[in-house]
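A quick write-up on the structure given underneath.
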Amino acid sequence: MKRKKRDDDEDGGLDSLLDTMTNVVGILVLVLIVTQLGVSDAITEITANSNVTAEDLDDAKQKLMSLSDQKIQLTEQTASLATIDVDAERERLRRLKEQLETRKKLLADQSRQSNEFSMKIESDRAMAAKNQKQVADTEKLRAELQTTLTSSLEKQAELKALLDTTPKRAAVPPKVVNIPNPRPAPPGAQQATFVCAFDRVYPMNVDGIRKDAELRAKDIITRRRLNLDPAKGIDPEAFAKLYTKLKYNDDFFDVEYYITDNRWPRLKLTPKEGRGADETELKRPGSRIRKLMALLDPTKYYAKFYVLPDSFDAYITARLALTEANVLAGWDPQGATWAYTTSVPGGVELGPPRPTTPAPPTTKPAKPANVID
């Protein structure tokens, strides 16, 4: 009983499998039929809708051939590019770049030169205009000078006519001029000093003023006891306070007392304006200046004149008076701001003693200076 039941079950399962397979195959057949119908419709539709002509086909062929040619050219170019030396091309490009920079610089220089040339042209034009104006001004001045010359010639003619009618006067006696003869002073002769300033002649008592300054300087040192410490020497400040206040009464000069280099006492003599002898006094035999000159012994003295620019005529007159008295003389021209200065004798030196230096070797005495002319 049991076995029979199992066989019934197996037959039912096969039937079900067969039914399923039959259904699947049927579905596949239907899909195939539908697909075939769809493809046929599509082909029919494409064929019905296609408008391709023979000309379109020829054009397409031509384009295809052109593209083929381009492909061949590109292939050849690609092959040629593969053979290019990259380093060489870089070097060539670098050289081209350098050439480009050089040409740019050359162009800039040419542009600058062109600008300078343009500026030079403008400057030349301005100079030409200026010269043209100067020429015009010169012509104007020439005309004015011509007018002045004509007027002067007319004036000259008038003066000449007046001179012809003027009676002649006697000639002025000639002035004797001695040629200078520079030479030293006679041995043992002393110098008498004169200063020519303000168109006057000033006799100078140099020796008396210097000797007085020496005595008064030493008196200051002694009374103020400024030389007690030989190592320190004479105190310049303490000495100067008294020395620079000294006064000297002279008829012809103001005497100034001063210190140089904080060590040396000195004197400055400035002529008093209006106190010297003018030319009138120099020519008058009994004048004070002529009496002073008469005291000069020609065998013991010679005269030295310091002449400022404004007093040459006074010097000539005084020199003539001395020449008449047979007194030798010489002169030393000076500038307008010159002033006579001199030292104080007697070895007066301020400050600490200077180190001693060995005496120079004995040499031949120097030739005396030329003080006579």
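The values are calculated or read from the model by the stated rules, or taken from the named source; none is laboratory data. Values in this document were obtained by computation on a predicted structure and should not be read as measured data. When we count neighbours, we look across all protein chains shown, and the Cβ atoms used for this are built from the backbone with ideal geometry, even at glycine.
I'd like to check something: does the stretch 348-355 contain any residue that is at pLDDT 95 or above and exposed (fewer than 15 other Cβ atoms within 10 Å of the Cβ)?
To start, the set of residues in the stretch 348-355 that are at pLDDT 95 or above comprises none.
No, every residue in the stretch 348-355 fails to be at pLDDT 95 or above and exposed (fewer than 15 other Cβ atoms within 10 Å of the Cβ).
List the number of the failed condition for Gly330; all other conditions in (1) within 28 Å of Lys211 (Cα to Cα); (2) in contact with a Pro (Cβ under 7 Å, 6 or more places away or on another chain) hold.
(2)
With the condition kept exactly as written, say whether any residue in the stretch 282-299 is in contact (Cβ under 8 Å) with a residue 60 or more places away in the chain, of a type outside the set (Asp, Glu) and in contact with a Lys or Arg (Cβ under 9 Å, 6 or more places away or on another chain).
yes
Taking the conditions exactly as written (assigned by TED's automatic domain parsing to the domain that holds Gly330 and under 19 Å from Trp338 (Cα atoms)), does Pro203 satisfy them or not?
Yes.
From Lys247, Lys241, Lys291, Lys232, grab the single residue that is among the basic types (Lys, Arg) and closer than 27 Å to Val371 by Cα. Walk me through it before giving the result.
Numbers: Lys247 fails: closer than 27 Å to Val371 by Cα; Lys241 fails: closer than 27 Å to Val371 by Cα; Lys232 fails: closer than 27 Å to Val371 by Cα.
Of the residues listed, the single one that is among the basic types (Lys, Arg) and closer than 27 Å to Val371 by Cα is Lys291.
Please identify the pairs in which a residue from the stretch 248-260 that is in contact (Cβ under 8 Å) with a residue 40 or more places away in the chain has its Cβ atom under 9 Å from the Cβ atom of a residue that is aromatic (Phe, Trp, Tyr) and not in a strand (DSSP E or B), counting only partners at least 6 apart or on another chain.
Final answer for the pair search is Val255/Tyr248; Tyr257/Tyr243; Tyr257/Tyr248; Ile259/Phe239; Ile259/Tyr243.
Report whether or not Val371 is in contact with a strand residue (DSSP E or B) (Cβ under 8 Å, 6 or more places away or on another chain), at pLDDT below 90 and β-branched (Val, Ile, Thr).
Details: in contact with a strand residue (DSSP E or B) (Cβ under 8 Å, 6 or more places away or on another chain): yes; at pLDDT below 90: yes; β-branched (Val, Ile, Thr): yes.
The answer is yes for Val371.
In the list Lys291, Lys364, which residue meets the criterion of being more than 48 Å from the chain's Cα centre (by Cα) and not assigned by TED's automatic domain parsing to the domain that holds Cys196? First the steps, then the outcome.
Working: Lys291 fails: not assigned by TED's automatic domain parsing to the domain that holds Cys196.
Being more than 48 Å from the chain's Cα centre (by Cα) and not assigned by TED's automatic domain parsing to the domain that holds Cys196 holds for just one of Lys291, Lys364, which is Lys364.
Looking at this structure, is Thr337 surrounded by fewer than 16 Cβ atoms within 10 Å (Cβ to Cβ), polar (S, T, N, Q), modelled with pLDDT of 90 or more and out of contact with any strand residue (DSSP E or B) (no Cβ under 6 Å at 6 or more places or on another chain)?
Numbers: surrounded by fewer than 16 Cβ atoms within 10 Å (Cβ to Cβ): yes; polar (S, T, N, Q): yes; modelled with pLDDT of 90 or more: yes; out of contact with any strand residue (DSSP E or B) (no Cβ under 6 Å at 6 or more places or on another chain): yes.
Criteria met by Thr337.
Residue check, Ala336 against (1) hydrophobic (A, V, I, L, M, F, W, C); (2) within 20 Å of Arg284 (Cα to Cα); (3) not in a helix (DSSP H, G or I), all met but one. Which one?
(2)
Just to be sure before I move on: is Ile209 crowded, with 17+ Cβ neighbours inside 10 Å, out of contact with any Cys (no Cβ under 7 Å at 6 or more places or on another chain) and within 22 Å of Pro353 (Cα to Cα) in the structure I sent? Break it down stepwise before answering.
Numbers: crowded, with 17+ Cβ neighbours inside 10 Å: yes; out of contact with any Cys (no Cβ under 7 Å at 6 or more places or on another chain): yes; within 22 Å of Pro353 (Cα to Cα): no.
Here the answer is no, as Ile209 does not meet what is asked.
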